[in-house]
Amino acid sequence: MWTLGIGLERKPYPQPIVFPEPFRFTENRSFYAALAAFAKIGDAPRMKPSSLAATLTLLFAMFQPPLSAQTSPALAGSKWTVVAIRGTPIIPTSNVKLEFSPDSTVVGNTGVNGFSGAVQIDGSKIQFDRLRSTRRAASEELMSQETSFNRALADSAQFTITPDGFLLLQSDAGTETLRCSPVRAEPAKIPPNQ
């Protein structure tokens, strides 16, 4: 059962408060300031449970991070191997990878350097931001591919996942910038009995 603080006095609320789904708790201090202001008004004890739940839900929703700051459920936790940059297959020995974390970050490898940064996704729109990488050098061919990859990533504005499971990153005009295949998890190896 919830208790609502009114000043220094805490009064138990007579009925459980039921929140609609989906509902997430927040660590945003602004939310708690708004909730404290709401509780100090003194209206909470006189409200019906449904009205109180709706008001608290609205307060929680107001102070949640916007969806654009979260990784799409389709990409969260996924790992991809880049197979083509602007329609050109990558160098077979290079290891160009992308990995999307649930916390709106992306990490990967350009085939020469590791990189990381922020990713913002809103529906099918995607934007990479604050990318930083190591500064190793390699053959001219690999460095040229890395430059093409970095430009393609910067030009990417939308994404789709094809029916056969490929991730396509595209420019605003719909031109394919990167084609990626999913990294399949390898089955765990069982050590032989000794």
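Can you spot a residue in segment 155-165 that is within 18 Å of residue 79 (Cβ to Cβ), of a type in the set (A, V, I, L, M) and buried (at least 19 other Cβ atoms within 10 Å of the Cβ)?
The initial filter retains those residues of segment 155-165 that are within 18 Å of residue 79 (Cβ to Cβ), namely 156, 159-162, 164-165.
With the extra rule that they be of a type in the set (A, V, I, L, M), the set shrinks to 161.
From the residues that got through so far, the ones that are buried (at least 19 other Cβ atoms within 10 Å of the Cβ) too are none.
Among the residues of segment 155-165, not one is within 18 Å of residue 79 (Cβ to Cβ), of a type in the set (A, V, I, L, M) and buried (at least 19 other Cβ atoms within 10 Å of the Cβ), which makes the answer no.
Looking only at segment 119-139, count how many residues are more than 18 Å from residue 96 (Cα to Cα) and either in contact with a strand residue (DSSP E or B) (Cβ under 7 Å, 6 or more places away or on another chain) or at pLDDT 95 or above (or both).
Of the residues in that region, 7 qualify.
Taking the condition over 19 Å from residue 117 (Cα atoms), polar (S, T, N, Q) and surrounded by fewer than 18 Cβ atoms within 10 Å (Cβ to Cβ), does residue 147 pass?
Numbers: over 19 Å from residue 117 (Cα atoms): no; polar (S, T, N, Q): yes; surrounded by fewer than 18 Cβ atoms within 10 Å (Cβ to Cβ): yes.
Judged against the criteria, residue 147 is not a match.
Take segment 126-139 and flag every residue that is in contact with a helix residue (DSSP H, G or I) (Cβ under 8 Å, 6 or more places away or on another chain) and in a loop (DSSP other than H, G, I, E, B).
Within segment 126-139, 137, 138 meet the criteria.
Can you name every residue in segment 99-155 that is touching a residue at least 40 places away in the same chain (Cβ under 8 Å) and among the polar types (S, T, N, Q)?
Residues satisfying the conditions are 110, 120, 145, 148, 150.
Being surrounded by fewer than 19 Cβ atoms within 10 Å (Cβ to Cβ) and either within 18 Å of residue 77 (Cα to Cα) or in contact with a His (Cβ under 9 Å, 6 or more places away or on another chain) (or both), is that true of even one residue in segment 166-174?
Checking segment 166-174: at least one residue is surrounded by fewer than 19 Cβ atoms within 10 Å (Cβ to Cβ) and either within 18 Å of residue 77 (Cα to Cα) or in contact with a His (Cβ under 9 Å, 6 or more places away or on another chain) (or both).
In segment 161-185, what residues are in contact (Cβ under 8 Å) with a residue 40 or more places away in the chain and among the basic types (Lys, Arg)?
179
Restricting to segment 140-194, what's the tally of residues that are in a loop (DSSP other than H, G, I, E, B) and either among the small types (Gly, Ala, Ser) or in contact with a helix residue (DSSP H, G or I) (Cβ under 6 Å, 6 or more places away or on another chain) (or both)?
Count: 8.
The values are calculated or read from the model by the stated rules, or taken from the named source; none is laboratory data. For clarity, every value in this text was computed on a predicted model and none was experimentally measured. Note: ideal-geometry Cβ built from the backbone for every residue, glycine included; neighbour counts use all protein chains shown.
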